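Written out below as structure tokens is the structure these notes cover.
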Amino acid sequence: MTQSESYILFDIPGGETPVDREFLERLGHPVEVCGGPGEGVCPLVEGKGCPLAERAHGVVFELDLDEPKHRAILRKYKSHLRDDLPIRVAVRPGQAEKYAELLQGLKVLAHTPVAGDLDALAAEVEAADMFPTS
């Protein structure tokens, strides 16, 4: 993958393969996967940066917000990545209310992202690439 490709980053527990990966790739958006920091600390949170996140053109965040280190990652995404970076956050029951302040300004899904959600994300990525605001 070249740096100029418009890829979408999936933050998925254990680094599993996203169900609709092929769908996004057929739309011209390669997929990169991060399984989260595991037992360690995310380099982005430590201030070391994260090339995967920093070069992503969209993010699908499926890490568990009940984990403090996962909330820290999402906070860094909001504060350190492009303002026009499309981010989707899949939450577990009750998390949308519990973490409403953290989720403010983000698109929240109460389910695992499906093709329709990803199609909308791909369109947003393409619009942000064509008309960047930051």
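The values are calculated or read from the model by the stated rules, or taken from the named source; none is laboratory data. Fair warning: this is a prediction, and the values are worked out from it, not measured in the lab. Every residue, glycine as well, gets a Cβ built from its backbone with ideal geometry; the counts of neighbours run over all protein chains shown.
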Quiz item: Considering only segment 1-15, how many residues are modelled with pLDDT of 80 or more and either in contact with a strand residue (DSSP E or B) (Cβ under 8 Å, 6 or more places away or on another chain) or at negative phi (or both)?
Solution: 8
Quiz item: Somewhere in segment 65-82, is a residue buried (at least 16 other Cβ atoms within 10 Å of the Cβ), more than 13 Å from the chain's Cα centre (by Cα) and charged (D, E, K, R)?
Solution: yes
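Take the conditions without any contact (Cβ under 8 Å) to a residue 40 or more places away in the chain, more than 22 Å from Asp119 (Cα to Cα) and surrounded by fewer than 16 Cβ atoms within 10 Å (Cβ to Cβ) and apply them to Pro51. Does it pass?
On the way: without any contact (Cβ under 8 Å) to a residue 40 or more places away in the chain: yes; more than 22 Å from Asp119 (Cα to Cα): yes; surrounded by fewer than 16 Cβ atoms within 10 Å (Cβ to Cβ): yes.
So Pro51 fits the description; yes.
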Quiz item: Is there any pair linking a residue in segment 19-43 that is modelled with pLDDT under 85 to one that is of a type in the set (D, E, K, R) and surrounded by fewer than 19 Cβ atoms within 10 Å (Cβ to Cβ), with Cβ under 7 Å and at least six apart or on different chains, and which?
Solution: Pro37/Lys69
Self-check item: Members of segment 10-48 that are surrounded by 14 or more Cβ atoms within 10 Å (Cβ to Cβ), assigned to a loop (DSSP other than H, G, I, E, B) and of a type in the set (Lys, Arg)
Solution: none
